[in-house]
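**Student:** First the structure, which I've put down as structure tokens, then a few questions once you've had a look.
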Amino acid sequence: MVARSQLLIVVFAVGRGAREVPAWCHRSVESAVAFTSIHKTGTTLASEGGLCLNEFLDRKDVPIGLNYASRVCGFNFNSVRTRRLITWTRDPFDWIVSNYMYDRRGDEKARWFPAVLGDPVFAADLAASLPGFNYSALPGEKFDAWLKRLPLVEGLAFELFLRMNRPDVAAYIKRTDPIHFPANLGELLQASGGERIGPDAAPSSASRVSVCLEDFMSDPARTHRTWRNVLQAVAPGAVPDAALEQCIADHDTTASQATFLNNTRSKAHPHGTYRTVSPTELDGMLKMARGLDAGFLGGTYAAAAQRIGCNTTRAARRRFV
């Protein structure tokens, strides 16, 4: 046992690999604050921002381990008293477009494809949900190549269907590929629970809070205020020092193209589909996704967007998808 109250931040992203762990992560801990995020809700940004907080709290003599520390350091996360859970979430339509762009780029393995198209239950559900769409794959075709071959409307429609949280779809894919299965809308909704914090909303004493990725995608001032309130959720009363401010700035996704590309600290650019489409193209994809949801899926995503409530009105946030 340690003589004083110590704090562990366990920052982990579903499906991501481990980071290098500092030596001090092996110190004893008594309580935990956890960052969690599903795919394309800010996994890399949360990890990098968490590292900034890690370095700050270490300078203040508060030991923390980051990004799978519970595995790498030998901590059993469930055995550590969790003081607060901070989940990252995102508007469902932004999330769908981001997943489509990422899957189309081919960075994620999809061992469940193309076999999933031949599963009778999956195929019947797909045909009933998206009548008029004819989905078939060439022998041995990879998911990214298939999406590139499909017209945009068919690719977005498939992403919407794939991630709707249908039990039969999720069960089949997880049986086929228990590691690289796609995140779904149910998980996104679950991540959106608890008290919302953001640039203008500091946390209270709630044990579970959530933060919208869009609040890190608008402009530097809004991003800065959001990180300050995240810090308050982690360590109430903490005052950021110059090094923390600089670290957060190094990982600011709203920085200019030249500044962001020349930054050697951040991995958010190569991971994200950053500025790979123009604002006009993104507007078109978002409009198309909303139309498909309304026309074929009963407004499921629109209802989820209303429940989640992330701010999508700022045009500047479209720099990052």
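The values are calculated or read from the model by the stated rules, or taken from the named source; none is laboratory data. Keep in mind the model is a prediction, meaning the values are calculated, not measured. Virtual Cβ from ideal backbone geometry, glycine too; neighbours counted across all protein chains shown. Quick note on the areas: whole protein, heavy atoms, side chains included, nothing else; ligands and nucleic acids left out. Shrake-Rupley method; radii C 1.70, N 1.55, O 1.52, S 1.80 Å.
**Student:** Restricting segment 89-107 to residues that are outside any helix (DSSP H, G or I) and not small (Gly, Ala, Ser), which is farthest from ASN184 (Cα to Cα)?
**Tutor:** Looking at residues that are outside any helix (DSSP H, G or I) and not small (Gly, Ala, Ser), I get ASP107.
**Student:** THR253 passes all but one of (1) assigned to a loop (DSSP other than H, G, I, E, B); (2) in contact with a helix residue (DSSP H, G or I) (Cβ under 9 Å, 6 or more places away or on another chain); (3) open to solvent by 10 Å² or more (accessible area, probe 1.4 Å); which number fails?
**Tutor:** (3)
**Student:** Continuing with this model, one more query. Can you name the number of the only condition in (1) under 30 Å from ARG83 (Cα atoms); (2) touching a residue at least 40 places away in the same chain (Cβ under 8 Å); (3) of a type in the set (Asp, Glu) that GLU159 fails?
**Tutor:** (1)
**Student:** Looking only at residues in segment 193-208 that are at pLDDT 90 or above, assigned to a strand (DSSP E or B) and of a type outside the set (Lys, Arg), which one is surrounded by the most Cβ atoms within 10 Å (Cβ to Cβ)?
**Tutor:** Ranking the qualifying residues of segment 193-208, first place goes to ILE197.
**Student:** Of a type outside the set (Val, Ile, Thr) and under 17 Å from ARG290 (Cα atoms): which single residue out of ALA115, ALA157, ALA183 fits that description?
**Tutor:** Among ALA115, ALA157, ALA183, only ALA157 is of a type outside the set (Val, Ile, Thr) and under 17 Å from ARG290 (Cα atoms).
**Student:** Hey, which of the helices (runs of 4 or more DSSP H) in segment 151-192, taking only ones fully inside, have at least 2 residues that are of a type in the set (A, V, I, L, M, F, W, C) and over 21 Å from CYS310 (Cβ atoms)?
**Tutor:** 152-162, 167-176
**Student:** While we're looking at this one, here's another question. Give me a count of the residues in segment 111-150 that are touching a residue at least 24 places away in the same chain (Cβ under 8 Å), among the basic types (Lys, Arg) and either assigned to a helix (DSSP H, G or I) or in contact with a strand residue (DSSP E or B) (Cβ under 6 Å, 6 or more places away or on another chain) (or both).
**Tutor:** Residues that pass the stated criteria total 1.
**Student:** Can you tell me which residues in segment 214-231 are open to solvent by less than 10 Å² (accessible area, probe 1.4 Å) and within 23 Å of LEU57 (Cβ to Cβ)?
**Tutor:** Correct list: PHE216, THR223, THR226, VAL230, LEU231.
**Student:** Let me ask something else about it. Restricting the search to segment 134-151, which residues are open to solvent by less than 60 Å² (accessible area, probe 1.4 Å) and in contact with a helix residue (DSSP H, G or I) (Cβ under 7 Å, 6 or more places away or on another chain)?
**Tutor:** Residues satisfying the conditions are TYR135, ALA137, PHE143, ASP144, LEU147.
**Student:** So which residues in segment 35-64 are under 24 Å from THR89 (Cα atoms) and of a type in the set (Val, Ile, Thr)?
**Tutor:** Residues satisfying the conditions are THR36, ILE38, THR41, THR43, THR44, ILE64.
**Student:** ARG196 - would you say it is farther than 22 Å from GLY309 by Cα and either touching a Lys or Arg at 6+ places or on another chain (Cβ under 8 Å) or not hydrophobic (A, V, I, L, M, F, W, C) (or both)?
**Tutor:** When the stated conditions are applied, ARG196 does not pass them.
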